[in-house]
1. Using 0.36 nm per residue, how much length does the chain from S268 to K216 gain when fully extended, once their Cα-Cα distance is taken away?
2. Round to the nearest 0.05 the FRET efficiency obtained for A72 and S304 when R0 = 35 Å and r is the Cβ-Cβ distance.
3. Mind checking which aspartates and glutamates have their Cα closer than 15 Å to the Cα of K163? Skip sequence neighbours fewer than 8 apart in that chain.
4. What residue among V85, L212, F35 has its Cα farthest toward the positive end of the dipole of the chain, where the charges are +1 on Lys, Arg and -1 on Asp, Glu, each on the Cβ?
5. Can you run phi through the Karplus equation (6.51, -1.76, 1.60; θ = phi - 60°) for region 216-233 and list ³J(HN,Hα) in whole Hz, with x for Gly and Pro?
6. What FRET efficiency would be calculated for the residue pair I149, S176, taking the C-beta separation as r and a Förster radius of 30 Å, to the nearest 0.05?
7. Could you list which residues have their amide H under 5 Å from that of N285, counting only those 5 or more apart in sequence or on another chain, with H placed in the peptide plane?
8. Give me the angle, in degrees from 0 to 90, between the Cα long axis of helix 235-250 and the longest principal axis of the Cα atoms of the chain, rounded to the nearest 10.
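Just so you know, all these numbers are worked out from the coordinates, no wet-lab data involved. Predicted, not measured: the structure shown is a model, and the values here were computed from it. Here the Cβ is made from the backbone with ideal geometry for all residues, glycine too, and neighbour counts use every protein chain on show.
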Amino acid sequence: MTTQASATRRTAERAARRTARKTIPGTGGRTASVFLIPFFLLFALTMIAPVIYAIGMSLFAEKRSGLGFGGATVEFVGLGNYVEVLSDSTFTDGFGRLAIYCLLYVPTLLAVALVLALLLDSAVAYAKRAFQLLLFLPHAVPGVIAALIWAYLYTPGVSPIVKALESGGIGIDFLSVQLVLPSMVNIAVWEWAGYNVIILFTALQAVPREILEAAKVDGAGEIRTALSIKTPLVWPALGVALLFTVIGSLQLFTEPKILSSATTAVTSTWVPNMWAYDAAFNRNNLPQAAAASIILALLAGLLSWVVTRFTSKEPTR
């Protein structure tokens, strides 16, 4: 009996020592750090290093002696490239177009995504999976392909949409100076609405069912429940979607670049990203392109901070 008790006590002591080793402060943190090392290395190589390289490049410029026929020398110019970029009217005009694009695109996309997510949340169970797939399919199409498809649908003479409208006596040039910006907004909404619907729909699935049942008992209809209960409860997810959308808007490049080959309304420096691309690959001025990229990165960081501060506040109900 004593031997059995001793064996039991030794087993308990070994189990206690194993538990103590597992709960030693810092052990879990060190283990997690080991697994995070590959991520941080990849992040440093693909994100931090290019930014540092671009900052360094933006502080230098190529100078030629004489009338430009001498050899080129690289000189330190400090913030000279930033001053020249911000003094270029074609670059600053691009920010005006980008601001109008954001004012049209951001609220339209979020409103469409929220409405579709609410409709999907109220749909019958067997249809939800099919609707999720149909809504997400446009996002699976690469941006370049999507822009090419819509460029075809916008081009007069070949577009079935334009022909159908003309047959009804409606003549619309989607690639005109007045409509080319809304046309780009339409492309982006078509491509990204499904992505944001999935984010919001996932948040709606986490809404406690008892709250919805209580609202139904109180006599709230579907629309009232959606506006007064569901929408405030998914505000954090809506904030995430807003943050992603704002950052994506500042990176506008694919749509205008593709449409520039179909219309003269879009120039090679139409938005800041296109200006940087033109400076790097058409004018071979990499330092100015780097400066323009850093300016855009700083603007994206500032807007991200503003959006984060705005969305961190709970909406009034």
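1. Result for the pair: 13.2 nm of gain on full extension.
2. 0.40
3. Counting by Cα, and skipping residues close in sequence, K163 has these aspartates and glutamates nearby: D173.
4. F35
5. 5, 5, 6, x, 6, x, 4, 5, 4, 5, 5, 7, 9, 10, 5, 4, x, 6
6. 0.95
7. Here A280 satisfy the definition.
8. 30
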